[in-house]
Amino acid sequence: MEFTDHCSEPSNSLSLEDAQARIQKAVPQITGVDNVPLKLARGRVLAVTIAAPNDLPPFPNSAMDGYAFRHEDISVNKCATLTVVGTSFAGKPYQGNLGSGECVRIFTGAAMPVGADTVIMQEDVTKDSTVIRLNRAIVPFANVRPAGDEIHRDECLLESGKLLQYAELGLLASAGLPFVTVTRKLRVAYFSTGDELRSVGEALDFGQIYDSNRYLLHSLLGHPAIETIDMGVVTDDAPTVKQALLDASRQADVIISSGGVSVGDADFVAASLAELGQIDFWKVAVKPGKPFAFGKIGSACFFGLPGNPVAVLVTFQQLVRSALLSMMGTHPTPPLRLRAVSRTQLKKSPGRMEFQRGLFEADGIGGFTVTGLDRQGSHQLLGVSRANCFIVLPKDNKGVMPGEPVEIEPFVDSSF
Ligand code: AMP
Ligand code: MG
């Protein structure tokens, strides 16, 4: 990793994209796997490429409730009626071979009888005792799902690096695989720095505040492929910070701290980090979130987030989230951004990209509108709680008038 000082000159701030690119380049992919039962695999990252063990579906079957027959009987042999000789249920196939002029009552998912190639829907026939008459023209192979229709045996079912979600778990089950090999969990240690911080449940003295960042981070790190280590609040002195960093680097792949990274007021962080590892202090041209530290302590990656809670949220989502996904071995997808028309005036000075808090809604004609909210301070989580999106304003934007288009980033249910 190359490190340069971007803190000394404000003009030397990194753009968000540059910071993201540097981080992506520097973070290693963890090694080590777990073999887990399917039900425990949601949110884990597939560590191997899986080939389909069988054709899916394994046998040709009916897509409809109806009658299975040989198309040749109506197209070549010109049969006007077909005789029903049996039934094929899902799981209880018709055992015989279909003869000329014969058909089999068949249900969705039931195996096609040997000799049959086409299914006509039950609504499209007239049945008279054991004989059916077809009431409409039908093409050969209609309403039949061939064996291997979804995937053939030995074809790639899932690629290594795939984040396993509900569809993949159902898919692995349909391939008959009870266990799956996934990357081991990423170990993330986190702590807050600040003499003013107390944990919830403790009494506050004058000048003290509750630590929100650890709870915010705990929630942001709530991912099935992450194991969190809460290291508590660390006071503002070099030996304590140094010890916390050393402890964290021995047990975790990633260390995340909040606070104490602004230049000047918290030199103890810089000093401790400089001794322990390779750390780069950056000014990332993002509001909220300017001061940011990134580097390595031993083999652990370190992310030093700003102190203000909204800045923690924005820097986590924009800079840390994708790094964690890469370390787990999956490809991060950028957060979804949409275009919306602003209903309100949005104040902004050029120089930094901004993530303002907004409330968006559908405009009823296929687009969206967004309202800028008050409580835009980087210390005001209430503003985030009342919002449902970030309004993403580019670096050079000088403010927005009502009616002008902007980009929004809707909040999603989970942090990932
Ligand atoms: P710092 O970067 O340490 O100077 O912190 C910037 C601001 O964020 C200060 O007002 C801190 O009190 C506040 N802050 C830092 N850490 C936390 C935290 N864990 N929870 C709430 N506020 C915090
Ligand atoms: Mg502080």
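The values are calculated or read from the model by the stated rules, or taken from the named source; none is laboratory data. This structure is a prediction, so every number in the text was calculated from the model and none was measured. Here the Cβ positions follow ideal geometry from the backbone for every residue, glycine too, while neighbour counts run over all protein chains shown. For accessibility, only protein heavy atoms count, side chains too; no ligands or nucleic acids. Shrake-Rupley method; radii C 1.70, N 1.55, O 1.52, S 1.80 Å.
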Matching option when the condition is among the charged types (D, E, K, R) and under 25 Å from the mean Cα position of the chain (by Cα), among 275, 354: 354
Only one of 411, 368, 355 is aromatic (Phe, Trp, Tyr) and buried (at least 20 other Cβ atoms within 10 Å of the Cβ), namely 355
Given the criterion within 16 Å of ligand 2 (Cβ to nearest atom) and buried (at least 20 other Cβ atoms within 10 Å of the Cβ), identify the matching residue among 311, 340. 311
Residue check, residue 340 of a type in the set (Gly, Ala, Ser), away from ligand 1 (no atom under 15 Å from the Cβ) and more than 17 Å from residue 190 (Cα to Cα): yes
Hey, any hits in the range 296-307 for a residue that's more than 16 Å from ligand 2 (Cβ to nearest atom) and over 22 Å from residue 234 (Cβ atoms)? no
Out of all the residues in the range 335-351, which are within 22 Å of the chain's Cα centre (by Cα) and either under 18 Å from residue 255 (Cα atoms) or assigned to a loop (DSSP other than H, G, I, E, B) (or both)? 335, 336, 337
Can you find even one residue in the range 261-272 that is away from ligand 1 (no atom under 16 Å from the Cβ), closer than 17 Å to residue 194 by Cβ and either buried (at least 23 other Cβ atoms within 10 Å of the Cβ) or charged (D, E, K, R) (or both)? no
On the given criteria, is residue 173 small (Gly, Ala, Ser) and more than 16 Å from ligand 1 (Cβ to nearest atom)? yes
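Can you tell me which of 318, 278 is more than 16 Å from residue 25 (Cβ to Cβ) and away from ligand 2 (no atom under 16 Å from the Cβ)? Outline the logic, then answer.
Working: 278 fails: more than 16 Å from residue 25 (Cβ to Cβ).
Exactly one residue qualifies, and that residue is 318.
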Could you tell me whether the range 184-195 includes any residue that is of a type in the set (S, T, N, Q) and within 16 Å of ligand 2 (Cβ to nearest atom)? yes
Quick check, is residue 387 away from ligand 1 (no atom under 16 Å from the Cβ), farther than 26 Å from residue 283 by Cα and either in contact with a Phe, Trp or Tyr (Cβ under 6 Å, 6 or more places away or on another chain) or open to solvent by 50 Å² or more (accessible area, probe 1.4 Å) (or both)? no
Determine the pairs where a residue that is more than 12 Å from ligand 2 (Cβ to nearest atom), located within the range 245-270, has a partner that is at pLDDT 95 or above and of a type in the set (D, E, K, R) with Cβ atoms under 6 Å apart, the partner being 6 or more residues away or on another chain. 252/187; 253/187
Consider residue 31 against the criteria (1) under 29 Å from residue 137 (Cα atoms); (2) at pLDDT 95 or above; (3) among the hydroxyl-bearing types (Ser, Thr, Tyr): it satisfies all of them except one. Which criterion is unmet? (1)
Among (1) open to solvent by 20 Å² or more (accessible area, probe 1.4 Å); (2) not in a strand (DSSP E or B), residue 181 falls short only on (2)
Return the total of residues in the range 84-128 being touching a Gly at 6+ places or on another chain (Cβ under 6 Å) and open to solvent by 40 Å² or more (accessible area, probe 1.4 Å). 5
Under 7 Å by Cβ, and 6 or more places apart or on different chains, what pairs join a residue from the range 210-237 that is of a type in the set (Ser, Thr, Tyr) with one that is open to solvent by 50 Å² or more (accessible area, probe 1.4 Å) and assigned to a helix (DSSP H, G or I)? 212/381; 228/218
Filter pass, residue 167 being among the aliphatic types (A, V, I, L, M) and either part of a strand (DSSP E or B) or more than 29 Å from residue 321 (Cβ to Cβ) (or both): no
Filter the range 225-259 down to residues that are more than 30 Å from the chain's Cα centre (by Cα) and open to solvent by less than 30 Å² (accessible area, probe 1.4 Å) and give me whichever is farthest from ligand 1 (Cβ to nearest atom). 244
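Checking the conditions here, which among 186, 172, 163 is open to solvent by 20 Å² or more (accessible area, probe 1.4 Å), over 30 Å from residue 124 (Cα atoms) and hydrophobic (A, V, I, L, M, F, W, C)? Show your work before the answer.
Values: 186 fails: open to solvent by 20 Å² or more (accessible area, probe 1.4 Å); 172 fails: open to solvent by 20 Å² or more (accessible area, probe 1.4 Å).
That would be 163, the only listed residue that is open to solvent by 20 Å² or more (accessible area, probe 1.4 Å), over 30 Å from residue 124 (Cα atoms) and hydrophobic (A, V, I, L, M, F, W, C).
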